[in-house]
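The values are calculated or read from the model by the stated rules, or taken from the named source; none is laboratory data. Note that this is a predicted model, so its numbers are computed, not measured. Cβ atoms come from the backbone with ideal geometry, glycine included; neighbour counts cover every protein chain shown. What goes into the accessible areas is simple: the full protein's heavy atoms, side chains included, and nothing from ligands, DNA or RNA. Shrake-Rupley method; radii C 1.70, N 1.55, O 1.52, S 1.80 Å.
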Amino acid sequence: MPELRKDPISGRWVIIATERAMRPTDFKSEPQFIKGGFCPFCEGNEDKTPPEIMAYREKGTQANTKGWSVRVVPNKFPALRIEGNLNKHGEGIYDSMHGVGAHEVIIESPKHIASLTELENKQVEEILWTYRDRLVDLKKDRRFNYGLLFKNVGTAAGATLEHSHSQLIVTPIVPITVMHEMSGCEEFYKYRGRCLFCDMVHQELSTGTRIVFEEDMFVAFAPYASRFPFEVWILSKTHSSHFENLQKLETEELAQVLRTVLLKLETALEFPPYNYIIHTTPFTFGEIEHYHWHIEIIPRLTRVAGFEWGSGFYINTVSPENAAAFLRDVNIENQAAAIRS
């Protein structure tokens, strides 16, 4: 019997189609990138990208030359441009403003790698610290309200280059998805006096059925109302509303958790295309009690079609309990060893 589940954060309903349950081997990923050819992100090709905004470099090396470990550049084809004023205006019932914002690319390694999991934990930590640094810097600009960090892996997930990279788009308005999450969490806080995400972490740790991986400070689990097969969220076990408030020790552990979860997904699902997204609190808010930053990892194994677009429902053919149980048992040692070799 199919089951309808309600996401307590957004109020969105999901159909868990248990009678259509699929095994991981039943999913056939779309073809990934074809290796080879010129890559503008590789070390030595720094002049083929826009000038870098920032980079972690060896001492004595110059900007836009070799010697970097993580490099941030403007997107060559930006969704929003950093120059100009907002010029908010209306035309009758319609509102608009100039497309002012920031669109940056975080190049995660000077070597040509296709997956973040090919890096050591220390290098993944450096990437996360770069995310933090860019948010801290861009939130100083009063034109901007929100910074969305995301990663597209594989053509089916929207990536156009194989070289492992992430993106940051900073907008003058808060995305509607984040607004809905914050509204749901605020209503819960008004009623219960607690953070909904914190309660979620406590309940998932108590039941254990949807846990994928955990460490002292972070936990990864398949959300109760998962929209997609093998969707995984990563949350801090202690309350924190802003990703950019991460401390060094937390970043070290988060790097391990993120890399481990991605290794499990790659091993279990044979390198699926995926997106991950970091949802955090808007720039204009100080530390708040009702919202909790988190990472959502979404393997692109199924397509969103007419019913989903028309109804707002999602149909998930793998229950989060089965997905979590399968991922928990995945042995990543062989995969990690193959990557290191």
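Within 15 Å, Cβ to Cβ, of HIS242, how many net charges do the neighbouring residues add up to if Lys/Arg are +1 and Asp/Glu are -1?
Charge balance in the 15 Å sphere: -3.
Relative contact order for segment 168-311: what percent, with Cα pairs under 8 Å and sequence separation of 6 or more?
Contact order relative to length: 27 percent.
When only Cα pairs under 8 Å and 6 or more residues apart are kept, what is the percent relative contact order across the chain?
In percent, rounded to a whole number, it is 22.
Charges on Cβ only, +1 for Lys and Arg, -1 for Asp and Glu, centred on the Cα centroid of the chain; of ILE288, ALA305, HIS89, which one is farthest towards the dipole's positive end?
Checked the options; the winner is HIS89.
On a 1.4 Å probe surface of the protein chains, which of ILE107, ILE176 comes out largest in accessible area, and what is the full order?
Heavy-atom accessible area, descending, gives ILE176, ILE107.
Mean 1/r over all different Cα pairs, inverted: what Kirkwood radius does segment 168-307 give, in Å?
Final number for the Kirkwood radius of segment 168-307 is 16.0 Å.
Between PRO40, PRO223, THR251, whose Cα lies farthest towards the positive end of the dipole of the chain when Lys and Arg beta carbons carry +1 and Asp and Glu beta carbons carry -1, centred on the Cα centre?
Of the options given, the answer is PRO40.
What order do GLU270, GLU231 take when sorted by accessible area (1.4 Å probe), most exposed first?
Sorted by accessible area, descending: GLU270, GLU231.
Let's see if you can work this out: charge +1 on each Lys and Arg Cβ, -1 on each Asp and Glu Cβ, no other charges. What is the dipole magnitude of the chain about its Cα centre, in debye to the nearest 20?
460 debye
Can you show me the helix-derived [θ] at 222 nm for the chain, built from DSSP H runs with n ≥ 4 at -39,500 (n - 2.57) apiece and divided by the number of residues, rounded to the nearest 500.
-8500 deg cm²/dmol
Just how large is the dipole of segment 166-312 about the Cα centre, in debye to the nearest 20, putting +1 at every Lys and Arg Cβ and -1 at every Asp and Glu Cβ?
Its charge dipole is roughly 320 debye.
Using alpha carbons only, how many angstrom separate the centre of segment 290-329 from the centre of segment 130-148?
Segment 290-329 and segment 130-148 have Cα centres separated by 28 Å.
In the chain, how does Rg compare with the Kirkwood Rh, expressed as the Rg/Rh ratio over alpha carbon atoms?
My calculation puts Rg/Rh at 0.96.
Given the pairs LYS48/LYS111; LYS76/LYS151; LYS111/LYS151; LYS6/LYS151; LYS139/LYS190, which span a C-alpha to C-alpha distance of over 20 angstrom in this model?
LYS6/LYS151; LYS139/LYS190
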